[in-house]
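Participant: This structure is in structure tokens; I'll ask about it shortly.
The values are calculated or read from the model by the stated rules, or taken from the named source; none is laboratory data. All of these numbers come straight from a predicted model, not from anything done at the bench. A quick note on method: Cβ atoms are made from the backbone with ideal geometry, for glycine too, and the neighbour counts reach across all protein chains shown. Surface accessibility is based on the protein's heavy atoms, side chains included, excluding ligands, DNA and RNA. Shrake-Rupley method; radii C 1.70, N 1.55, O 1.52, S 1.80 Å.
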Amino acid sequence: MSDSMPVFDGPPEPANQPTGQPTGQPTGARRVPVQTVVLQQPRESLFGRLGKWLFLPLGLCVMAIIGLSAQYQSYFNEPTGPQEKYHSLSKTSLDKIAIISVTGAILEGNDFAKQQIDRVKKDNRVRGVVLRVNSPGGTVTYSDYLLHHLRELVKAKEAELGEGRFPVVVSMGSVCASGGYYIAMAAGDTEDAIFAEPTTWTGSIGVIIPHYDMSGLAGLARVEDDSITSGPLKQMGSPTKKMTEREREVFQELVDESFRGFKDVVLSGRPEFRTDPERLEKVTTGQVFTAGQALDYGLVDKIGFVEAAVDRAAELAGIDPEEVRCVKYEKPPSVFDGLVGASAAGGFGSSDRGGGGRGSLGLSGLIELSTPRAYYLYSLVPTLLSTAR
């Protein structure tokens, strides 16, 4: 047999066969290793043949769990803040005019207005503000708080713009009175910067400390106030007893001091009153004025709607209205809003999602309800819900 021919040596020797034992093969024949063919079976997927169809519902479940987790966390954490929405003008421009809404009673705890101010301060694309005020007023402290932060916003933005000016233009809604007019002075002494709608009521420049004497009613019920105090003025203002002359004097001093501060704020925003003190005295009697009267007395500059105020803000910022986008801010919707439609239906203290109410009858709602308003209305049903705006 030729050396080039392969030789089949047969099965290998048993492992326990002694060395040198004859195997029946010719001595010196070369052994060829046996070749083994392995057929690999196709690998099954993790979930079998239908596994790929399980990924879709699995992914949907994961997304649903993430969404529910986010809602769960938001229940315990602070709200995400105002949501920016397109209002008018250019839809593609990066530069913005922002509408900051102050709606309803101005009270501590109704912080949506402050959240809007903070949002504008962080947005370097905002070139001017329209302050939309629809409020009967509120506490002295919180009115001054909002005015302070509006002025700080202007300072921060003008420092950011360098030589540029950051205008604040006011747009008054149905009512812009007392504390509402107070914060409207954020417009400063800018020319033609305060707009009132044709049906706006404004003014009511003054200070009040509400007090009710219910001592007669308590007497009918044979109820006596037997409080123990550390001093004669500790219980001043109590509705269960008549106010003494000394108590009235102290309250009047508080009102007068706050009133002087209100006048100073009006002078800072209406410079024409600085040279005419008598004119200032005529508009600071606490009277409410119509838009036309307010224009005649110098409390407002123009009669016009919010669109006119937006155009004026763009003009003062040196921007073509066709090249700027006007935005507004809304509160993020809550689960309650989605279930009962509180925002759409309106309610006490509710308004264009910029107000403080969520359709609940709280202190803000009671103040809204007790605010005198004129209606074009033919109805036998009392007007118990504030108009949806």
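Participant: Mean separation of Cα pairs under 8 Å and 6+ residues apart, divided by the residue count of the range 159-275: what relative contact order is that in percent?
Facilitator: 29 percent
Participant: Taking a 1.4 Å probe, which of GLU247, GLU108, GLU163 shows the most accessible area, and what order do the others take after it?
Facilitator: These residues rank, largest area first, as GLU163, GLU108, GLU247.
Participant: With the full set of protein chains in place, find how many percent of the accessible area of the range 85-242 is carbon and sulfur; take the probe as 1.4 Å.
Facilitator: Taking all protein chains in place, the range 85-242 shows 52 percent carbon and sulfur surface.
Participant: Also, quick follow-up: How big is the range 218-301 along each principal axis, measuring the range of its Cα positions in Å and listing the largest first?
Facilitator: 55, 27, 17
Participant: Ok, one more. According to a simple spin-label model (label point 7 Å from Cα along Cα-to-Cβ), what is the distance in nm between ARG246 and GLN35?
Facilitator: Between GLN35 and ARG246, the simple spin-label model gives 12.0 nm.
Participant: Measure off 7 Å from each Cα along the Cα-to-Cβ vector at ASP276 and LYS114, then give the distance between these two points in nanometres to one decimal.
Facilitator: Rounded to a tenth, the inter-label distance reads 3.8 nm.
Participant: I've got another one for you. Under 5 Å between amide H atoms, partner at least 5 residues away or on a different chain: which partners does ILE106 have, H built in plane at 1.01 Å?
Facilitator: The answer is GLY137, GLY138, THR139.
Participant: So if R0 is 30 Å, what FRET efficiency would SER258 and SER230 give, r being the distance between their Cβ atoms, rounded to the nearest 0.05?
Facilitator: The formula returns an efficiency of 0.75 here.
Participant: When 1/r is averaged over all different Cα pairs and the result inverted, which Kirkwood radius in Å belongs to the range 224-267?
Facilitator: Hydrodynamic radius (Kirkwood, Cα pairs) of the range 224-267 is 12.3 Å.
Participant: Using the basic label-point model (7 angstrom from Cα toward the beta carbon), what is the GLU191 to LEU94 distance in nanometres?
Facilitator: 3.2 nm
Participant: Ignoring ligands, DNA and RNA, how do HIS149, HIS87 rank by accessible area with a 1.4 Å probe, largest first?
Facilitator: Greatest to least solvent exposure: HIS87, HIS149.
Participant: Check GLN287: other-chain or 5+ apart residues with amide H under 5 Å from its amide H, H built from backbone geometry?
Facilitator: SER204, ILE205
Participant: Additional query: Around LEU89, what is the net charge, scoring Lys/Arg as +1 and Asp/Glu as -1 over all other residues with Cβ under 15 Å from its Cβ?
Facilitator: My count for the surroundings of LEU89 gives 0.
Participant: Using a 1.4 Å probe, how large is the accessible area of CYS61, given in Å² and rounded to the nearest 10?
Facilitator: Here the residue's solvent-accessible area equals roughly 80 Å².
Participant: Checking the cross-link filter: which lysines have an alpha carbon closer than 24 Å to that of LYS282, excluding same-chain neighbours under 8 positions apart?
Facilitator: Filter leaves LYS263, LYS302.
Participant: Okay, next question. Quick one: what do you get for the range 81-182 if you divide its Cα Rg by 2.2 N^0.38 Å?
Facilitator: Cα Rg divided by the expected 2.2 N^0.38 Å: 1.07.
Participant: A follow-up question, please. Lys/Arg Cβ at +1, Asp/Glu Cβ at -1, dipole of the range 109-200 taken about the Cα centre: which of ASN124, ALA184, PRO136 is farthest positive-ward?
Facilitator: The residue sitting farthest along the positive end of the dipole is ASN124.
Participant: Given the whole protein assembly as supplied and a 1.4 Å probe, what does the accessible area of SER227 come to in Å², nearest 10?
Facilitator: The accessible area of SER227 comes to roughly 70 Å².
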